[in-house]
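Written out below as structure tokens is the structure these notes cover.
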Amino acid sequence: MKRTGAWLAVYALEQIGARFTFGIPGVHTTELYDALNMSNRITQVLVTHEGGGAFMADAVGRLSDSIGVLTVVPAAGLTHAASGIGEAFLDGVPMLVISGGPRTDTEHRYQLHQMDTHKFMGGLTKATFRVTRHDEVVPTLFEAYRIATDGEPGPVFVELPVNILLMTDEAGELPAFAAPKPPEVQAAAQAEIDRAVELLSVAKRPCIFAGWGTRDATAEVVRLAEWLEAPVATTLQGLSVFPGNHPLHAGFGFGASAVPSAQNAFKACDCMVAIGTRFAEIATGSYGTSVPDNLIHIDINPAVFGANYPAKVAIPGDAGAVLRQLSSQIESRMPRRVQAGTREQIARDKAAYRESWYRHDAADIVNPVRFFDELRRQMPDDGILAIDDGNHTFLTAELMPIHAPKSVILPTDFNCMGYAVPAAIGAKLALPERTVQAIVGDGAFLMTCMEILTAASNNLGVVYYVFNDGELAQIGQAQQIPYNRKPCTQLGKLNIEGVALATGAAYLAMNDNDGIADIIGRANAIAAGGRPVIVGIRIDYSKRTAFTAGAVKTNFGRFPLSEKLRFLTRAAVRHVTG
């Protein structure tokens, strides 16, 4: 039977369970959008910018069992989307990037949008494909899905030339889609698991460091931690992989840039189980961590082993599958550990850290810890937070306990500002029964705030908390310490209420601590009715996070002595002269 490539593409997307496509139609994709419009399984979402669409697709891939799908025009649409594609690539998030393409049945050159998209996408995706025949459309998309979701996930790019999409041709017998089987520990890894058990059986202070790779293995991490009585720290991207209200939860990170509860809990660590983490720069506070010699590293991507810290035992595989086997071996070969004082020390350190923030109250401005206290009280355990990149990122990581798995999404290794506004939309589309709120700084908000129109158009009740201080706070603080000045960080005067008016959102202002509870309650009530809400918060950024203070100190400590002296001298002179 003859079919258009567009019909075949939609058929393939339905078979793999795609629920949404994000993008803006153009001349190369009109037939694809028409075919998608006929589907009763896939919802097309029109975005205001392809970059926003990529962040929405990212959120779908992070939070649900469906893959996020971009449907964009080549060249301009693809380059606009590149930031979100890159974020998914470095963060390990599955995504299908489907682009139209110039005609391949003509010899004409310099066609509209004609460029080497595969060279461009080569550094941002796990694989790229160009379909040249109709009978390639379905198997190519099936293969793209397999690659995107296999091993360490990531985006895959597929170009469907406009002549393939528009015209009909014989497609042959349509192949059946076979869902991938659940991963299991390879038999070859059993020896490594035995070695891990041996190390843990003699450890006096075992600790666990859990990253994004454990997002589907929270129960297994809890099981291991409780048997070993081991404190657990998470990476930034892995904030929700271990319950923040569990007494063994120590915090985000564990080195010099971590909060005191994590630093103290890991201080005497003599055997570490690191799961689903690459020990990347942010996760380690610019590599300011001390990792014990007895490091047991578990990751689905063997390339991460030994990249930054040598592992005594390296176990490749899916986190959940490995941890189940590891825990079974531990429980059969060693008694449940009793470690007096670990939980109590963590609780004391956490309370003292919050108290240091309470003492920072000031009039006519919002103390971050009081905002997060109230947000936590009024937010369901499984409520979703989309966090952007900036100073507010680390405030959230340090002051907002996350209770449920897959309840936080944020940009990490790619660290793309502008993530949270559209990502929150993708989260609400994927999981409409859960509350969705975003924490975003004013600088990041300016990058994608008009995407709130997409939320309003789709009746999505997302609450956007905009931390407003009029500058790029995170980089400004990083500049102030060594330079005694903050060049190019002051923002123009932002009328947040005007953005709400332009996009159809409700607007509320939070100007001091007294109004926190009422404003959060009102925002939740409005959002429950299906209308997005923007809350402008006059935030107090004057107290630095542990991460900022620690990372600056760590980075400075890695400078050569001559450069340290130069920086110190310059800072001293500027402090005196102003």
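The values are calculated or read from the model by the stated rules, or taken from the named source; none is laboratory data. Not measured: the values here are computed from a predicted model. So basically every Cβ, Gly included, is an ideal-geometry build from the backbone, and we count neighbours across all protein chains shown.
A count restricted to region 227-285 and to residues that are basic (Lys, Arg) and under 22 Å from the mean Cα position of the chain (by Cα) stands at 1.
A Cβ distance below 9 Å, combined with a sequence gap of six or more or placement on separate chains, defines the contacts here; from region 178-201, residues that are not assigned by TED's automatic domain parsing to the domain that holds Thr149 reach residues that are at pLDDT below 75 in the pairs Ile193/Val185. Among the residues making up region 523-546, those that are out of contact with any strand residue (DSSP E or B) (no Cβ under 6 Å at 6 or more places or on another chain), of a type outside the set (A, V, I, L, M) and over 17 Å from Gly441 (Cα atoms) are Asn524, Gly529, Gly530. For region 141-156, a residue qualifies if it is of a type outside the set (Phe, Trp, Tyr) and touching a residue at least 40 places away in the same chain (Cβ under 8 Å), and the qualifying residues are Leu141, Ala144, Ala148, Thr149, Gly151, Glu152, Pro153, Gly154, Pro155, Val156.
The set of residues in region 122-140 being touching a Leu at 6+ places or on another chain (Cβ under 7 Å) and among the aliphatic types (A, V, I, L, M) consists of Val131, Val137, Val138. Only one of the numbered conditions (1) among the aliphatic types (A, V, I, L, M); (2) in contact with a helix residue (DSSP H, G or I) (Cβ under 8 Å, 6 or more places away or on another chain); (3) part of a helix (DSSP H, G or I) is violated by Leu385, and that is (3). Got at least one residue in region 218-227 being in a loop (DSSP other than H, G, I, E, B), buried (at least 24 other Cβ atoms within 10 Å of the Cβ) and not assigned by TED's automatic domain parsing to the domain that holds Val408? Checking region 218-227: not a single residue is in a loop (DSSP other than H, G, I, E, B), buried (at least 24 other Cβ atoms within 10 Å of the Cβ) and not assigned by TED's automatic domain parsing to the domain that holds Val408. With respect to Ala478, is the statement that it is touching a residue at least 40 places away in the same chain (Cβ under 8 Å) and crowded, with 20+ Cβ neighbours inside 10 Å true? Answer is no for this residue.
Scoring Asn245 on the criteria (1) buried (at least 19 other Cβ atoms within 10 Å of the Cβ); (2) modelled with pLDDT of 95 or more; (3) polar (S, T, N, Q) leaves a single failure, condition (1). Here are some conditions: (1) under 29 Å from Asp150 (Cα atoms); (2) surrounded by fewer than 19 Cβ atoms within 10 Å (Cβ to Cβ). Asp270 meets all but one. Which one does it not meet? Unmet for Asp270, out of (1) under 29 Å from Asp150 (Cα atoms); (2) surrounded by fewer than 19 Cβ atoms within 10 Å (Cβ to Cβ): (1). The listed residues are Val93, Val97, and the only one of them that is β-branched (Val, Ile, Thr), buried (at least 23 other Cβ atoms within 10 Å of the Cβ) and under 29 Å from Ala171 (Cα atoms) turns out to be Val97. Residue-level check: of (1) over 13 Å from the mean Cα position of the chain (by Cα); (2) within 25 Å of Leu508 (Cβ to Cβ); (3) assigned to a helix (DSSP H, G or I), Ala397 misses just (1). The strands (runs of 3 or more DSSP E) found entirely in region 263-374 that carry 1 or more residues being free of Cβ contacts under 8 Å to residues at least 24 places away in the same chain are 295-299.
Among the residues of region 84-115, those that are of a type in the set (A, V, I, L, M) and within 30 Å of Thr277 (Cβ to Cβ) comprise Ile85, Ala88, Leu90, Val93, Met95, Leu96, Val97. Entry remark, region 245-262: residues being within 21 Å of Pro405 (Cα to Cα), in a loop (DSSP other than H, G, I, E, B) and not aliphatic (A, V, I, L, M) number 5 in total. Applying the criterion of being exposed (fewer than 13 other Cβ atoms within 10 Å of the Cβ) and of a type in the set (D, E, K, R) to the residues of region 546-565, the residue that is nearest to Val369 (Cα to Cα) is Arg558.
Just wondering, is there one or more residues in region 331-352 that are closer than 25 Å to Pro411 by Cβ, assigned by TED's automatic domain parsing to the domain that holds Ala196 and not β-branched (Val, Ile, Thr)? No: region 331-352 contains no residue that is closer than 25 Å to Pro411 by Cβ, assigned by TED's automatic domain parsing to the domain that holds Ala196 and not β-branched (Val, Ile, Thr). Among the residues making up region 87-116, a single one is closer than 30 Å to Gly213 by Cα and more than 23 Å from the chain's Cα centre (by Cα): Ser99. Quickly run through region 494-517 and pick out the residues that are in contact (Cβ under 8 Å) with a residue 40 or more places away in the chain, small (Gly, Ala, Ser) and surrounded by fewer than 19 Cβ atoms within 10 Å (Cβ to Cβ). Once the filter is applied, which keeps residues that are in contact (Cβ under 8 Å) with a residue 40 or more places away in the chain, small (Gly, Ala, Ser) and surrounded by fewer than 19 Cβ atoms within 10 Å (Cβ to Cβ), region 494-517 yields Ala502, Gly504, Ala517. Taking Lys428, is it in contact with a strand residue (DSSP E or B) (Cβ under 6 Å, 6 or more places away or on another chain), touching a residue at least 12 places away in the same chain (Cβ under 8 Å) and among the basic types (Lys, Arg)? The answer is yes for Lys428.
Looking across region 446-460, the residues that are under 15 Å from Gln44 (Cα atoms) and buried (at least 23 other Cβ atoms within 10 Å of the Cβ) come down to Thr454, Ala455. Could you tell me whether region 125-138 includes any residue that is touching a helix residue (DSSP H, G or I) at 6+ places or on another chain (Cβ under 7 Å), in a loop (DSSP other than H, G, I, E, B) and without any contact (Cβ under 8 Å) to a residue 60 or more places away in the chain? Checking region 125-138: at least one residue is touching a helix residue (DSSP H, G or I) at 6+ places or on another chain (Cβ under 7 Å), in a loop (DSSP other than H, G, I, E, B) and without any contact (Cβ under 8 Å) to a residue 60 or more places away in the chain.
Would you confirm whether or not region 402-414 contains a residue that is assigned by TED's automatic domain parsing to the domain that holds Gly536, at pLDDT below 95 and out of contact with any Lys or Arg (no Cβ under 9 Å at 6 or more places or on another chain)? Lay out the reasoning, then the answer.
Keep residues of region 402-414 that are assigned by TED's automatic domain parsing to the domain that holds Gly536, which gives 402-414.
Those still in the list that are at pLDDT below 95 too: 412-414.
Okay, now just the ones that are also out of contact with any Lys or Arg (no Cβ under 9 Å at 6 or more places or on another chain), so 412, 414.
Yes, the conditions are met somewhere in region 402-414.
Under the condition of being surrounded by fewer than 19 Cβ atoms within 10 Å (Cβ to Cβ), in contact with a Pro (Cβ under 9 Å, 6 or more places away or on another chain) and touching a residue at least 24 places away in the same chain (Cβ under 8 Å), the residues counted in region 107-124 number 3.
For Phe142, the conditions (1) among the aromatic types (Phe, Trp, Tyr); (2) part of a loop (DSSP other than H, G, I, E, B); (3) at pLDDT 95 or above are fulfilled apart from (2).
When you go through Ala148, Ala171 one by one, which is the residue that is at negative phi, at pLDDT below 95 and crowded, with 19+ Cβ neighbours inside 10 Å? Spell out how you get there, then give the answer.
On the way: Ala148 fails: at pLDDT below 95.
Only one candidate qualifies: Ala171.
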